1. Looking only at the range 104-141, filter to residues that are aliphatic (A, V, I, L, M) and in a loop (DSSP other than H, G, I, E, B); which one of those is surrounded by the fewest Cβ atoms within 10 Å (Cβ to Cβ)?
2. When the range 250-259 is examined, which residues are found to be out of contact with any Lys or Arg (no Cβ under 8 Å at 6 or more places or on another chain) and touching a residue at least 12 places away in the same chain (Cβ under 8 Å)?
3. Only residues that are of a type in the set (Gly, Ala, Ser), outside any strand (DSSP E or B) and modelled with pLDDT of 90 or more: list them for the range 21-40, please.
4. Hey, could you check the range 51-74 for residues that are open to solvent by less than 10 Å² (accessible area, probe 1.4 Å) and in contact (Cβ under 8 Å) with a residue 40 or more places away in the chain and say which is farthest from residue 30 (Cα to Cα)?
5. Please give the number of the condition residue 153 fails out of (1) open to solvent by 10 Å² or more (accessible area, probe 1.4 Å); (2) assigned to a loop (DSSP other than H, G, I, E, B).
6. Can you say whether residue 245 is modelled with pLDDT of 95 or more and open to solvent by 40 Å² or more (accessible area, probe 1.4 Å), as far as the supplied structure shows?
Amino acid sequence: MRTIVKIFVPLVVLFSFGCKNKADLNAAGVPEKLVIGVFGGENPGRTQDVMEPIRKAMEKKLGIPVEMTITSDYTAVIEAIHSKKIHVAYLGPFSYILAAQRKDIEPLAVLGLYGKPFMYHSNIFVRTSSGLNSMADVKAKAKNLTLCFTDPASTSGHLIPRYYLNSIGLNPDNAFKQTIFAGSHAASVLTVAAGKVDIGCATDEYGINLLVKKGLVKPNELKVIWISDPIVGSPIVIRKDVNKSFAKKIQQFYFSLAKDEPSVFDKYIRVYYVTYPADLTYIAIADSTFNGIRKIAGGLKGLKLVN
């Protein structure tokens with residue numbers, strides 16, 4: 001039986017608030033407490049651990065309390081910033097363009113190298129022992145194969161591989177025996193490694209390479225059979241109703257984080273990258289930088305974008 005998981009589930013906000021919204025702004029547009037939303041991935045506890053030093057450093061820099069709220073998916077972060085439960089959000093490229101449709105947020109910063117956004121890739125991979133050696137093999141046997149994406153709002157774990165599969169005549173909604181969402185990059189990798197799914201999609205560094213380093217996947221257990229073109233990195237965004245001068249202070253905090261707090265920056269980056277360039281830092285980014293992702297999303301038939 002073919003089981004297709006819908007691309008977007010109803011948005012559920014994983015936050016609990018009292019009568020007074022802790023993310024309210026004063027008359028000047030400045031919060032009493034800065035609230036930041038972050039997708040926790042497959043290990044929310046680990047995410048909380050690496051975000052705590054950033055929170056403390058930001059509190060010291062801004063002079064006001066800062067709270068990090070960890071969620072179970074990108075859609076919860078998107079809904080939270082739209083409903084003004086948080087001021088700042090960490091989003092992926094695809095989840096950003098979904099959220100930006102409301103025109104109530106703008107990008108603050110993105111990881112960059114020498115003034116340009118740091119790029120990454122999407123992978124499609126299989127077990128080395130699967131007998132699948134290329135995408136041509138996948139196409140020939142698709143009706144008998146199962147496919148695994150990550151989070152529905154993931155760029156490298158869903159949007160980009162979905163777009164590619166469609167481009168070679170494999171609509172994930174009906175070309176495979178079964179298509180599922182694992183929930184995170186690590187979950188996608190581990191699901192394939194365990195033999196529960198034939199084909200997986202995930203980012204390169206945060207997917208296979210990181211799990212090999214942690215010893216959760218054997219070095220030659222999985223085989224990458226497709227690598228995407230470079231993808232622009234994940235932005236940190238802010239609500240447009242936040243005071244512009246205050247928003248600049250937050251932006252400057254990120255710009256100087258690698259220099260001012262190198263151990264804090266390193267601890268955070270190593271959650272996502274096995275190795276990274278010494279000059280990696282946060283830089284400014286324009287909304288238009290994500291137009292390529294918008295074009296891809298807009299060109300996918302039946303892909304419902306969150307409003």
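1. Looking only at the range 104-141, we keep the residues that are aliphatic (A, V, I, L, M), and these are 105, 108-111, 113, 119, 124, 126, 132, 135-136, 138, 140.
Next cut, in a loop (DSSP other than H, G, I, E, B) only: 119, 132.
Working: 119: 13, 132: 20.
Ranking the candidates gives 119 first.
2. 250, 251, 254, 255, 257, 258, 259
3. Correct list: 27, 28, 29.
4. So the residue we want is 71.
5. (1)
6. Judged against the criteria, residue 245 is a match.
The values are calculated or read from the model by the stated rules, or taken from the named source; none is laboratory data. No experiment lies behind these values; they were computed from the predicted model shown. Every residue, glycine as well, gets a Cβ built from its backbone with ideal geometry; the counts of neighbours run over all protein chains shown. When the accessible area is computed, the model is the full protein with side chains, heavy atoms only, and any ligands, DNA or RNA have been set aside. Shrake-Rupley method; radii C 1.70, N 1.55, O 1.52, S 1.80 Å.
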